[in-house]
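Written out below as structure tokens is the structure these notes cover.
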Amino acid sequence: MTPIHLLAVLLGVAVCLQGAVNGRLALRIGLPLAIAINAAIVFVASLAWLFAAPAQERVAEAADRPPWFLYAGGVFGLAIVVSAAIAYPRLGAGTTTVLAIASQLATALLLDRFGVAGQAIPWSSTRVLGVLLVGIGTWLVVLPPRSGA
């Protein structure tokens, strides 16, 4: 496993833990306040990262200004935090996580196919089979337990 693979694994752990603690926090202090506190922590940490970065990384040239829609990551981040804080306490960590992973994988293959995230990666039979198997696994996890089993 390469360091970048390990980073992706740690991402998965962090997403699961984030949803669990944010859900518990939202139940204790309310969703709006929990989201605001999360946003404040991210904001302060982001400013620290920004000011710690070398000066040449902080200032984009006018020609390098990204289009407005590339700033939508903040909106998606908010949707992730809010959705997880609502879903984890109600569905449980397993169901919430497996539904999130299945939808992430399907979306990721579409993004890869059209090169939205960078390199265009064509569909293959093994990638499509992988998505189908994850779909079956998701269904098995989400399926309500049978009585008497």
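Here are a few things to note about the model shown:
- Each residue in the stretch 91-106 was checked for being without any contact (Cβ under 8 Å) to a residue 24 or more places away in the chain and surrounded by fewer than 15 Cβ atoms within 10 Å (Cβ to Cβ), and 3 pass.
- When each of L11, L17, L109 is tested for being under 23 Å from T138 (Cα atoms) and surrounded by 14 or more Cβ atoms within 10 Å (Cβ to Cβ), the lone residue that passes is L109.
- Restricting attention to the stretch 63-104, the residues being closer than 17 Å to A14 by Cβ and aromatic (F, W, Y) number 2.
- Residue pairs meeting the criteria (Cβ under 7 Å; at least 6 apart or on separate chains; first within 23 Å of A117 (Cβ to Cβ), in the stretch 56-73; second at pLDDT 85 or above and surrounded by 10 or more Cβ atoms within 10 Å (Cβ to Cβ)): none
- Entirely in the stretch 43-149, the helices (runs of 4 or more DSSP H) that have 3 or more residues that are modelled with pLDDT under 90 and more than 20 Å from the chain's Cα centre (by Cα): 55-58
Okay, residues lined up against (1) of a type in the set (V, I, T); (2) touching an Asp or Glu at 6+ places or on another chain (Cβ under 6 Å); (3) over 30 Å from L70 (Cβ atoms):
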residue	(1), (2), (3)
A93	no, no, yes
T97	yes, no, no
L110	no, no, no
V116	yes, no, no
S124	no, no, no
R127	no, no, no
L133	no, no, yes
W139	no, no, yes
R146	no, no, yes
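The values are calculated or read from the model by the stated rules, or taken from the named source; none is laboratory data. The shown structure was predicted, so the numbers you read here are calculated from the model rather than taken from an experiment. Neighbour counts run over all protein chains shown; Cβ positions are idealised from the backbone, glycine included.
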